[in-house]
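The values are calculated or read from the model by the stated rules, or taken from the named source; none is laboratory data. No experiment lies behind these values; they were computed from the predicted model shown. We place every Cβ from the backbone using ideal geometry, glycine too, and count neighbours over all the protein chains shown. With ligands, DNA and RNA removed, areas are computed over all heavy atoms of the protein, side chains included. Shrake-Rupley method; radii C 1.70, N 1.55, O 1.52, S 1.80 Å.
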Amino acid sequence: MLKTVRHAIELHDDALDFTVAEGIVRFDEFTGDERKGREFFETTYITDGLDALLRGATTRLAGKNTNASFHLKQAMGGGKTHSIAALAFLARHPNLRNEILPDLPAAREFNSIRFAAFNGRERPENFMWGHIVQQLGGEEFLA
């Protein structure tokens, strides 16, 4: 007898353990822990599209190309959030870049970056720009 999907798969313990507020992934919180990044990449298959994004964006962060925009055009469930999380982990954690992109010299040509994320469904007290400034550590500019 053919198994149903429900009976054929085993859900990983961490599959539902995301930092989520009302269904919104909090990239600024979720990607801050290098250990979580390592775990993230242990369960992530890097497709050609994800590889191109990570290499292109990392090369841009190293100042080696001028492409500052990447259009993630997958439909719902197409991996956009996963791709953004992967890039945020690599941008924030140089050790992960060395492990995940060992053959990309540009990955070692910059240290960690400050990272801010905003989802249009959020309603922070200090509005969008204040929320971004706060994530980047610029609270003194909010006075």
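About the Cα centre, and with charges only on the beta carbon of Lys, Arg (+1) and Asp, Glu (-1), how big is the dipole of segment 79-143? Nearest 20 debye, please. Don't jump to the answer; show the numbers that get you there.
Working: 7 positive and 7 negative charges, 42 e Å.
Rounded to the nearest 20 debye, it is 200 debye.
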Does the chain come out rounded, prolate or oblate, given a ≥ b ≥ c as the square roots of the eigenvalues of its C-alpha gyration tensor, rounded meaning a/c under 1.5 and, failing that, prolate meaning a/b above b/c?
oblate
Asp48 versus Ile132, label points 7 Å from Cα toward the beta carbon: distance in nm?
3.4
Please give the contour-minus-distance gain from Glu125 to Arg26: 0.36 nm per residue of separation, less the Cα-Cα distance, rounded to one decimal in nm.
34.0 nm
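If you place +1 on the Cβ of every Lys and Arg, -1 on the Cβ of every Asp and Glu, and leave all else neutral, what size is the dipole of the chain about its Cα centre, to the nearest 20 Debye?
Working: 17 positive and 20 negative charges, 105 e Å.
Computed charge dipole of the chain: roughly 500 debye.
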Starting from the Cα of Lys64, draw a straight line to each of the lysines and keep only those under 22 Å, dropping any in the same chain fewer than 8 residues away.
none
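Loop only per DSSP, at most 11 neighbouring Cβ atoms within 10 Å: give me the chymotrypsin sites (Phe, Trp or Tyr not before Pro) in segment 74-143, ordered by residue number. Kindly include the intermediate steps, with their values, before the conclusion.
On the way: sites: Phe89, Phe110, Phe115, Phe118, Phe127, Trp129, Phe141; in loops: Phe110, Phe115, Phe118.
Answer by residue number: there is no such site.
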Estimated FRET transfer efficiency (Ala143, Phe115; beta-carbon r; R0 35 Å; 0.05)
0.90
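As a check on your grasp of the helix formula, calculate [θ] at 222 nm for the chain: sum -39500 (n - 2.57) over DSSP H runs of n ≥ 4, divide by the residue count, round to the nearest 500. Intermediate results must be reported in sequence, preceding the final value.
Working: 7 runs with 60 residues, N = 143.
It lands at -11500 deg cm²/dmol.
May I ask you to give the solvent-accessible area per residue for the chain, in square angstrom, as obtained with a 1.4 angstrom probe?
70
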With the Cα gyration tensor of segment 67-118 giving a ≥ b ≥ c as the square roots of its eigenvalues, does the rule (a/c under 1.5 for rounded; else a/b larger than b/c for prolate; else oblate) give rounded, prolate or oblate?
prolate
